[in-house]
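Student: Following this message is one structure expressed as structure tokens.
The values are calculated or read from the model by the stated rules, or taken from the named source; none is laboratory data. No experiment lies behind these values; they were computed from the predicted model shown. Cβ atoms come from the backbone with ideal geometry, glycine included; neighbour counts cover every protein chain shown. Each accessible area value is taken on the protein alone, full model and side chains, heavy atoms only, with ligands, DNA and RNA left out. Shrake-Rupley method; radii C 1.70, N 1.55, O 1.52, S 1.80 Å.
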Amino acid sequence: MRILVVGAGALGGYFGGRLLAADRDVTFLVRPHRAALLAQNGLEIISLKGNLQIADPPIVTADKLAQHYDAVLLSCKAFDLTDAIRSFAPAVGPQTMILPLLNGMLHLDILASHFGAEHVLGGLSKISATLDEAGRIHHLSTFHSISFGEQDGARTARIEALDSTLSAAGFDAHPSDKILAEMWNKWVFIAAAASLGSLMRAAVGDLVAAGAASYATALLKECAAIAARHDFPQQAESMRFGENMLTEAGSTFKPSMLRDIERGQRTEAHHIIGDLLRRGGDLPTPILQIADMHLRVYETRRAREADA
């Protein structure tokens, strides 16, 4: 199976690098600056699961992309989705699967509108990783997994083929017959964590020490209510996991959106929090609404300062 990994940042670079090391047929679609870094330094992963150095990984830039692939692994940030679609569109043939690893659900609708719903799988990743200034990928945890499946839950021949390719490739791969439910589960947690971190601007342990743990529980309930409205009620186990993660005394956990804010970078607030609020309609979500407005103000100021 020929796989095009869109982007070679923390997410795409990590999973694509593991696939390459397992002798899978992988090519990275990258921008010119990242292409130059990879050509000069190779792809480097620093991880408790084993470091990896791949000299001269297979890369292509959008202007040179001229063939179809069996699968497209989409790992871009949500705010880069439009540009990413434009760049990888020539790779999508009649049988191409698109496996997006973005958070939330909005991207499924956007991808379907461009390529047709039949091309778009459901998918999610669980990993904590970041890219440093030298372009090295730092895997910050011990978990590293991809879940994937047909949106209707069917176990098709193409899911079997993808499972065969992703399995035993240096990370955990899980075909799922309930992938949309898993995506909603992750969305509820990510939205609550991102909202909490963005509002409090602190790691979980610090906000717990300050007496703010109740806000984490309230945010989880607000997000879960929206999921339930769309027929994806949260199971008790998922809620317990979220509460434990966001109320653990001494925890150094920070959501990636908070790390983006601390660096003055653009966030995925619209895709993760704004779209969730839109789907909530008239449900009472006061803390989520405050977090959304807080992030809107941040993005407005960031854009103004970037243009100054």
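Student: Helix-derived [θ] at 222 nm for the chain: sum -39500 (n - 2.57) over DSSP H runs of at least 4, divide by residue count, nearest 500?
Tutor: Estimated from H runs of four or more residues: -14000 deg cm²/dmol.
Student: For the pair Ala134 and Glu262, what calculated FRET efficiency results from E = 1/(1 + (r/R0)^6), where r is the Cβ-Cβ distance and R0 = 22 Å, to the nearest 0.05?
Tutor: The formula returns an efficiency of 0.70 here.
Student: Per residue, what volume in Å³ does the Cα convex hull of the chain take up?
Tutor: So the per-residue hull volume is 136 Å³.
Student: Hey, another quick one. Cβ under 14 Å from Thr300's Cβ, Thr300 left aside: what net charge do those residues give with Lys, Arg +1 and Asp, Glu -1?
Tutor: +1
Student: Read phi for every residue in the stretch 33-42 and hand back ³J(HN,Hα) as whole Hz from Karplus 6.51 cos²θ - 1.76 cosθ + 1.60, θ = phi - 60°, with x for Gly and Pro.
Tutor: 5, 5, 4, 5, 5, 5, 5, 7, 10, x
Student: Same structure, new question: At R0 = 22 Å, how high is the FRET efficiency between Val297 and Thr82 if r is their beta carbon distance? Nearest 0.05 is fine.
Tutor: 0.40
Student: Could you tell me the center-to-center distance, by alpha carbons, between the stretch 26-67 and the stretch 173-208 in angstrom?
Tutor: Centre-to-centre distance over Cα atoms comes out at 29 Å.
Student: Which percent of the accessible area of the chain is formed by carbon and sulfur heavy atoms (probe 1.4 angstrom)?
Tutor: Percent of accessible area from carbon and sulfur atoms in the chain: 52.
Student: As an exercise, identify the trypsin sites (Lys or Arg not before Pro) in the stretch 103-180 lying in DSSP coil whose Cβ has no more than 16 other Cβ atoms within 10 Å.
Tutor: Counting only loop positions with at most 16 other Cβ atoms within 10 Å, the trypsin sites (Lys or Arg not before Pro) in the stretch 103-180 are Arg155, Lys178.
Student: If you filter the stretch 259-308 for trypsin sites (Lys or Arg not before Pro), then keep DSSP loop positions with at most 16 other Cβ within 10 Å, what is left?
Tutor: Arg263
Student: Continuing with the same structure: Quickly work out the Asp109-to-Ser141 label distance, labels modelled 7 Å from Cα along the C-beta direction, and quote it in nm with one decimal.
Tutor: According to this spin-label approximation, the distance is 2.8 nm.
Student: Hey, another quick one. Net charge near Asp63: determine it from the other residues with C-beta under 12 Å of the C-beta of Asp63, scoring Lys and Arg +1 and Asp and Glu -1.
Tutor: Its environment carries a net charge of +3.
Student: Then there is this: Normalized C-alpha radius of gyration of the stretch 155-288, against 2.2 N^0.38 Å?
Tutor: 1.17
Student: Could I ask something else about it? What longest range of the chain stays clear of loop-exposed GluC sites (Glu not before Pro) (DSSP non-H/G/I/E/B, at most 16 other C-beta within 10 angstrom)?
Tutor: In short, 1-132.
Student: Taking K and R as +1 and D and E as -1, what net charge do the other residues with C-beta under 13 Å from the C-beta of Val6 add up to?
Tutor: Once positives and negatives cancel, what remains is +2.
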